[in-house]
Amino acid sequence: DSVAQGRRIKCRLCTKVLKKMQALAGDDPDESAVQAALQKGCRALGRAVGKQCQQLVSKYQEQISEGLQNGDLPQDICAAIGVCRS
């Protein structure tokens, strides 16, 4: 159904966004590296996806930041914030 499909699209977007952020933040990032990646990452995804990315980041910034600093997998972070099913 359309709700499940919408959730899958959001989940894919979340995972894609976090993979990008992770790449930008580098291995074993500190808080400032993560913050810089969160800002740059959305811009790097283009205008349409970037806007959704910004909404995701502003809503879940703390959890995303923490997850990236802990080295969690994008899929796991997205599941933890309730965007993906775990």
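The values are calculated or read from the model by the stated rules, or taken from the named source; none is laboratory data. In this text the structure is predicted, and so the values were computed from the model without any measurement. Note: ideal-geometry Cβ built from the backbone for every residue, glycine included; neighbour counts use all protein chains shown. Heads up: the accessible areas ignore ligands, DNA and RNA and are worked out on the full protein's heavy atoms, side chains in. Shrake-Rupley method; radii C 1.70, N 1.55, O 1.52, S 1.80 Å.
Structure notes:
- Unique residue being among the hydrophobic types (A, V, I, L, M, F, W, C) and open to solvent by 30 Å² or more (accessible area, probe 1.4 Å) when the list is V49, V34: V49
- In summary, I77 fulfils each of the numbered conditions (1) within 10 Å of the chain's Cα centre (by Cα); (2) open to solvent by 60 Å² or more (accessible area, probe 1.4 Å) with the single exception of condition (2).
- Pair list, Cβ under 9 Å, 6 or more apart: the stretch 43-67 residue more than 11 Å from I77 (Cβ to Cβ), other residue modelled with pLDDT of 90 or more and not in a helix (DSSP H, G or I): K59/I81
- Only residues that are touching a helix residue (DSSP H, G or I) at 6+ places or on another chain (Cβ under 7 Å), more than 14 Å from I64 (Cα to Cα) and basic (K, R) were counted in the stretch 18-49, giving 2.
- Note on the stretch 71-86: residues that are without any contact (Cβ under 8 Å) to a residue 60 or more places away in the chain and either out of contact with any helix residue (DSSP H, G or I) (no Cβ under 9 Å at 6 or more places or on another chain) or not in a helix (DSSP H, G or I) (or both) total 5.
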